[in-house]
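The values are calculated or read from the model by the stated rules, or taken from the named source; none is laboratory data. Everything numeric here is computed off the predicted structure, so don't read it as measured data. Using ideal geometry, Cβ is built from the backbone for each residue, glycine included, and neighbour counts are taken over all protein chains shown. To get the accessible areas, we keep the full protein, side chains included, count just its heavy atoms, and leave off ligands, DNA and RNA. Shrake-Rupley method; radii C 1.70, N 1.55, O 1.52, S 1.80 Å.
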There are 4 protein chains.
Amino acid sequence: MIQGIFTPNLIPFRADGAIHETELRRMIHWLIDKGVGGLYPNGSTGEFIRLNFEERKRVIRIIAEENRGRVPILAGAAEANINEILEAAALYAELGCVAISLTGPYYFKVSQESVEEYFREIARRSPIDILLYNIPQFANEISLPVVERLARDCPRIVGIKDSSRDFPRLVATLHKLKAIRPEFTVLTGTEEILLPSLLMGADGGTIATSGVVPEVVMKLYREFKAGNLAEAKRIQFKLLDLIEAMFAGPIFPEGFRAAASLRGFEMGHSRQPISSKEKADLSGLRGHIACILAECGFGEAAGACIRPLAAAATGGHGRVDVDRIVRDVMARVARPGA
Amino acid sequence: MIQGIFTPNLIPFRADGAIHETELRRMIHWLIDKGVGGLYPNGSTGEFIRLNFEERKRVIRIIAEENRGRVPILAGAAEANINEILEAAALYAELGCVAISLTGPYYFKVSQESVEEYFREIARRSPIDILLYNIPQFANEISLPVVERLARDCPRIVGIKDSSRDFPRLVATLHKLKAIRPEFTVLTGTEEILLPSLLMGADGGTIATSGVVPEVVMKLYREFKAGNLAEAKRIQFKLLDLIEAMFAGPIFPEGFRAAASLRGFEMGHSRQPISSKEKADLSGLRGHIACILAECGFGEAAGACIRPLAAAATGGHGRVDVDRIVRDVMARVARPGA
Amino acid sequence: MIQGIFTPNLIPFRADGAIHETELRRMIHWLIDKGVGGLYPNGSTGEFIRLNFEERKRVIRIIAEENRGRVPILAGAAEANINEILEAAALYAELGCVAISLTGPYYFKVSQESVEEYFREIARRSPIDILLYNIPQFANEISLPVVERLARDCPRIVGIKDSSRDFPRLVATLHKLKAIRPEFTVLTGTEEILLPSLLMGADGGTIATSGVVPEVVMKLYREFKAGNLAEAKRIQFKLLDLIEAMFAGPIFPEGFRAAASLRGFEMGHSRQPISSKEKADLSGLRGHIACILAECGFGEAAGACIRPLAAAATGGHGRVDVDRIVRDVMARVARPGA
Amino acid sequence: MIQGIFTPNLIPFRADGAIHETELRRMIHWLIDKGVGGLYPNGSTGEFIRLNFEERKRVIRIIAEENRGRVPILAGAAEANINEILEAAALYAELGCVAISLTGPYYFKVSQESVEEYFREIARRSPIDILLYNIPQFANEISLPVVERLARDCPRIVGIKDSSRDFPRLVATLHKLKAIRPEFTVLTGTEEILLPSLLMGADGGTIATSGVVPEVVMKLYREFKAGNLAEAKRIQFKLLDLIEAMFAGPIFPEGFRAAASLRGFEMGHSRQPISSKEKADLSGLRGHIACILAECGFGEAAGACIRPLAAAATGGHGRVDVDRIVRDVMARVARPGA
């Protein structure tokens, strides 16, 4: 059964935009050394949509090679059509992955009946177990009644990872699915509510923050398993500022990539260009994240801790506080020597 | 400090559409006898928008009279403009309510800056404490940065009731607001996640289900307070089917009103007309709710327990399963004597 | 049959927040003198939701008195429940209004079946004709299949005013409704597409801009009626900048109210408070609107024409261009003597 | 300058799911014979997202080969990242396409600043002209201020195709962009409002219906160009039923593909599986479309004209009318011999 904390793998890029393979290998070793429960490449955090099919297959191959069977690998396989999903599935099975993870179809809106039929057909033909990946922000929702019917009929579908941020839905999923198939895995993909999800019965999570501070997220999980609710809760709340800062990046997952660079990895630039103003914002945000990391005891980030003007102005929320900018500019101007 | 379980008051109507005052009084007594922590009239569950201003004031007066100071009353006061809100506030203060509850402005979309200024002006002039009521489904959102600034600057604003169903936001609210003002009340209005909200530090909730099965909701709350997490969790999950069924009504809060009628109250018909098909659905739903109530030990509902065709076809989710309807119709037709 | 250009009436307020009745009367005279085709009080532009029931009835009474039967009055009657709608309908019929206009129910989301039943019940009991008012931004949508069924069955329902901004829907409405009931009125409430709506067969519009520059909007309409498409098109495009500026106000309909004040009416302040920053924005916007009005030949606005810093920074779109603000502030600071 | 009616190319599939190349070639000849103004492969109608990169390049190559320079080809090139877009652009330039068409990035939500930077970088490096493709239903919006700035700064960006269905936005686009660059192409992608778009100044459209009834759409366009407004309007309204029926398919663009099959093309099955109920719906819809085509004078479709139960029940809107299904089933059952 799939359970515990899976780390969605960030992708380091080289200056020429290619995947930085040696750095990716180094990150895998580091994560496994730090004790993460599993690896989850080619998800949203892994920017699967900005890679091509060959690159996505290459990522899984690299990770499988470096892992050498130590932790389970959940491989994102949301390709453009069923034939390519099945091609990916065959390869990932061969490479020893524990399951593939599949979003609903994306780009076009399709009916829930078509979503259901899509998963039924894949489940009939897949050589490897499937984890449904519900992320209605980016892809067609996989509604709970559809999940129920798939779980009843398709042994290949072994669980769901829910990144909808909809906690009432997660609780309803646990209520309904565990009654049908107690071994059906329910993972949360919402970092901010990992602990309450576990408390209500979730089997674990795919938690991008565990790619940045695996020490802290794994401690939260161990405290939960040990029944130390108060300590687990303290850690969950402590993580919120870091999570908020990482999500405040101009585009996802740049905040997470900035944080990884502060842990010593060469992450490179995103394939999605950002404006010069957004670059400045991101630089400011990086300084802010460094402060949080340093406060958490990660000394390697301390040197980068700085709160520049623009980051301060957004109050860490990504919303621009114009009054504050103008006040700040005016204050600087008013200062002698400015 | 405002805390515990507040019951959003349902409104019984007479056959002529007027408020059924004697039945309302009887419900108040019953709820207080059953131990609810407080009363919350003129919220969404109380259909404030379908009453007129005189009726809303009358509701508070009746409830205050019947309560005789036994439990705190949180009075909804979301009137159409600030002058009328302040008129309501003055009356509700005089009647001994503990605070008023205020949604953001509704109908027009307004900026968060205007939402903030709206609450600032009311807070400056109100003779009674104010609980912010965040329900972005129906009224302008009160964003978390706005809540933070209001909490810092406005002593009259003493808390927030969050009905957004957004649990990451509730957790962030607890994280930020308790750091600024530890006594600032944070209540959830999302029934399905009462327990995890309490576990993460919420002070209580406005829980419409407590108007139907106050015995069960108050037991959940007592078990939580006593540290019996497993038992509290068992009750929370047990409540989910009932909550789902009550929300499946054709219009809100008809499912809750149907459930209240099964506990013995004369609720009458909604002021919002529904179609004859929806009336049939509601009748079927009432039979389904009766079964759940009977299973929970409320014998008075047992006689009404029935699962009619239409209710079954929605699978309790409010979504119509056409295949099933057609199959059912065909099956009936195929039966000899049909 | 209801047709032509109806002016949604803006409400002038006195310093104490009361309706400024003498100014309202003066506006009515002015509009009728300028040749508007009809009056439309208590719509969204008339801020019906921020008035109370007594005030809404008072507005209709004043307008009926001043109109003295010269132009048709379409009276907004979207009260909180059916009994009050019918009370309003009886009064507005007695005052000689040509029809009432009704949005779908607001605040709660209700099913299309309930929306349909709501209008059926009102249509059965109303003493006056009804125009459906589709504005899904603020109230429950009235879907096209519902409009079709109501038009077939309810003689009291004589038309629809569509403010959804959804032109394919307006075209489909014309296609379907004119086939069922050729005399069924279809008005657009979307100012920017008045001309193409007329060209495709709409009977007219409720056009808030006609409350500010009735001369221009009525000329557009006359040119259209005379078959002068090129001239009508020139005017429609000319109006776009003014419309865009009026919608750019911090809250609706402050931009329209600012424009009316530039035509010489004492409009007072909104009942919805706005922040001091928004007040500054609105003041800048007023200067910008004054320039547009002056360019259109309305000399009375010329003196107020000014493009202040904040208005410039939004580029007239209501979106804040922070770079530009900072550059502007810096430029001012850099100037000697600043 | 890009203008006129471009046909978004549907993709015929073979039984094994591969692109049916001979049938695609046959369709291209037929379309050009019928006089369409241009071809538009690899758009949404061409299901680019369900093909892989090699297939998308193959589609353009086939179309360029068959076209032999007769009509302009606008080639969809919305690949997963900028390097692959540029690879496609180089090939499509070499193949003689007039421009590439590009949606905003899809899957992730990105800021408008990032959308702008994305197009700036592509425009700097592209060897071929670019048409922006605004389709906020499926990909990140390209907001009008962004379009304005790109048009000012990037000569490679020569126009926009707007499929947002937002006509006020299209009118604003014409107003602002034609003032900056009169030769900037503005095409509509919204079939139902082709004529009013042309009347307001649009340069043409990408009209999927022209892939099904090119005779009718081209006649509408010719009547418009000849100044025969009344006849153009009659055709536009006549097309509405067909368009509505084609959009009523269970998933896009199955309704359009069914209609093409009725014109004699072997279209095969979608790569996106649909449920058996949806297959039955589609079959019913095909019969309904056949009736409309036959009424339009396309005799080849007459034999397939039939209105089965399920299609009738949706009233052609894709919404299920359960009452009607049950009534129909009951009526059948009541008939002797059923």
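Pull up segment B:265-289, narrow it to residues that are acidic (Asp, Glu) and under 20 Å from C:Val115 (Cβ atoms), then point me to the one that is nearest to the other protein chains (Cβ to nearest Cβ).
Within segment B:265-289, the first condition is being acidic (Asp, Glu), and the residues that meet it are B:266, B:278, B:281.
Adding the requirement that they be under 20 Å from C:Val115 (Cβ atoms) leaves B:278, B:281.
Numbers: B:Glu278: 5, B:Asp281: 9 Å.
Ranking the candidates gives B:Glu278 first.
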### Query
Does any residue of segment C:157-171 turn out to be farther than 23 Å from C:Leu239 by Cα, hydrophobic (A, V, I, L, M, F, W, C), more than 10 Å from chain D (Cβ to nearest Cβ) and open to solvent by 20 Å² or more (accessible area, probe 1.4 Å)?
yes
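Go through C:Glu23, C:Glu79, C:Glu55, C:Glu47 for me and flag whichever is out of contact with any strand residue (DSSP E or B) (no Cβ under 8 Å at 6 or more places or on another chain), of a type outside the set (S, T, N, Q) and either open to solvent by 20 Å² or more (accessible area, probe 1.4 Å) or free of Cβ contacts under 8 Å to residues at least 60 places away in the same chain (or both).
Details: C:Glu23 fails: either open to solvent by 20 Å² or more (accessible area, probe 1.4 Å) or free of Cβ contacts under 8 Å to residues at least 60 places away in the same chain (or both); C:Glu55 fails: out of contact with any strand residue (DSSP E or B) (no Cβ under 8 Å at 6 or more places or on another chain); C:Glu47 fails: either open to solvent by 20 Å² or more (accessible area, probe 1.4 Å) or free of Cβ contacts under 8 Å to residues at least 60 places away in the same chain (or both).
After ruling out the rest, the residue left standing is C:Glu79.
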### Among the candidates C:Ile157, C:Ile243, residue that is over 16 Å from the mean Cα position of the chain (by Cα) and among the hydrophobic types (A, V, I, L, M, F, W, C)
C:Ile157
### Query
Across segment D:26-44, what is the total count of residues that are surrounded by 18 or more Cβ atoms within 10 Å (Cβ to Cβ) and either under 19 Å from D:Val98 (Cβ atoms) or within 14 Å of chain A (Cβ to nearest Cβ) (or both)?
12
### Scan of segment B:121-146 for residues that are of a type in the set (Lys, Arg) and in contact with a helix residue (DSSP H, G or I) (Cβ under 7 Å, 6 or more places away or on another chain), ordered by number
B:Arg125
### Query
Which of the residues belonging to segment B:260-278 are within 20 Å of B:Phe48 (Cβ to Cβ) and in contact (Cβ under 8 Å) with a residue 24 or more places away in the chain?
B:Ala260, B:Phe265, B:Met267, B:Gly268, B:His269, B:Ser270, B:Arg271, B:Gln272, B:Ile274
### Task
Out of the residues in segment D:89-101 that are aliphatic (A, V, I, L, M) and open to solvent by 10 Å² or more (accessible area, probe 1.4 Å), state the one that is nearest to D:Ile135 (Cα to Cα).
D:Val98
### Message
If I filter segment A:99-107 for residues that are out of contact with any strand residue (DSSP E or B) (no Cβ under 8 Å at 6 or more places or on another chain) and not charged (D, E, K, R), do I get at least one hit?
### Response
no
### Query
Which number in (1) buried (at least 24 other Cβ atoms within 10 Å of the Cβ); (2) charged (D, E, K, R); (3) within 14 Å of chain B (Cβ to nearest Cβ) marks the one condition that A:Lys176 misses?
(1)
### Task
Determine if segment A:162-173 includes at least one residue that is assigned to a loop (DSSP other than H, G, I, E, B), more than 24 Å from D:Pro136 (Cα to Cα) and modelled with pLDDT of 95 or more.
no
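Each row is one residue, and each column tells you yes or no for (1) surrounded by fewer than 20 Cβ atoms within 10 Å (Cβ to Cβ); (2) closer than 25 Å to A:Arg25 by Cα; (3) touching a residue at least 24 places away in the same chain (Cβ under 8 Å).
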{"site": "A:Glu87", "(1), (2), (3)": "yes, yes, no"}
{"site": "A:Glu121", "(1), (2), (3)": "yes, no, yes"}
{"site": "A:Ile128", "(1), (2), (3)": "no, yes, yes"}
{"site": "A:Pro136", "(1), (2), (3)": "yes, no, yes"}
### Summary
Going through (1) within 24 Å of the chain's Cα centre (by Cα); (2) open to solvent by less than 10 Å² (accessible area, probe 1.4 Å); (3) more than 22 Å from C:Gly205 (Cβ to Cβ) one by one, C:Gly104 fails only at (3)
